[in-house]
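A.B. asks: Okay, handing you the structure first.
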Amino acid sequence: GRAPSARSSFVLANWTSTGSAVMHGGLGSIGVMSDVWVLQPDGLWIEFPTAGTPVSRAHHCGAVHRDTLIVHSGQDATFLTAHVAQSLDLLSGVWYEIALQSSLGAGGGSGLGSRIDAAAASLDGVGVL
């Protein structure tokens with residue numbers, strides 16, 4: 001079967017409700033990538049078709065919460081730091097942009113700033129951190 005091309009700096013997140021893992025984007029020989037793949041419990045990769053504006057990202061962070069992949073920041077196709085978050089509905093395959101609200105942290109800085117090479121986790125009852 002097919003498998004994703006070689007890459008670095010991608011998001012790989014556990015999709016708990018299916019026992020699968022979702023891989024998004026990364027940096028490959030063609031530049032910053034936007035493809036999505038699902039690693040099934042049997043070890044086979046399936047390319048996941050998406051609709052909406054493709055989200056090219058590398059060095060981003062992300063997690064699956066319920067049946068939605070959420071990705072934040074990272075580098076876009078121009079290698080600039082992206083200042084947005086997007087969600088991919090894993091049941092419909094449609095990408096959406098997420099409206100973010102900044103909050104002031106204890107140090108007075110923005111609570112949700114752009115970043116690269118960060119980590120994310122999905123916590124039941126909380127959401128994505």
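The values are calculated or read from the model by the stated rules, or taken from the named source; none is laboratory data. Predicted, not measured: the structure shown is a model, and the values here were computed from it. Neighbour counts run over all protein chains shown; Cβ positions are idealised from the backbone, glycine included. Just so you know, the surface numbers come from the protein's heavy atoms only, side chains and all, with ligands and any DNA or RNA stripped out. Shrake-Rupley method; radii C 1.70, N 1.55, O 1.52, S 1.80 Å.
A.B. asks: For I30, indicate whether it is open to solvent by 40 Å² or more (accessible area, probe 1.4 Å), hydrophobic (A, V, I, L, M, F, W, C) and out of contact with any strand residue (DSSP E or B) (no Cβ under 9 Å at 6 or more places or on another chain).
C.D. replies: The answer is yes for I30.
A.B. asks: Which one is nearest to L90 (Cα to Cα), of the residues in region 63-75 that are in contact with an Asp or Glu (Cβ under 9 Å, 6 or more places away or on another chain) and open to solvent by less than 20 Å² (accessible area, probe 1.4 Å)?
C.D. replies: Looking at the filtered set, the residue picked out is L69.
A.B. asks: Take the residues in region 42-77 that are among the small types (G, A, S) and more than 10 Å from the chain's Cα centre (by Cα); name whichever of them is nearest to S9 (Cα to Cα).
C.D. replies: Taking the candidates together, the pick is A77.
Conditions (1) within 14 Å of W95 (Cβ to Cβ); (2) surrounded by 24 or more Cβ atoms within 10 Å (Cβ to Cβ); (3) of a type in the set (A, V, I, L, M), marked per residue:
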residue: W45; (1), (2), (3): no, no, no
residue: G52; (1), (2), (3): yes, no, no
residue: A58; (1), (2), (3): no, yes, yes
residue: C61; (1), (2), (3): no, no, no
residue: F79; (1), (2), (3): no, no, no
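A.B. asks: Output the residues belonging to region 91-122 that are modelled with pLDDT of 80 or more, among the hydrophobic types (A, V, I, L, M, F, W, C) and either within 24 Å of T18 (Cα to Cα) or assigned to a strand (DSSP E or B) (or both).
C.D. replies: The answer is L91, V94, W95, I98, A119, A120, A121.
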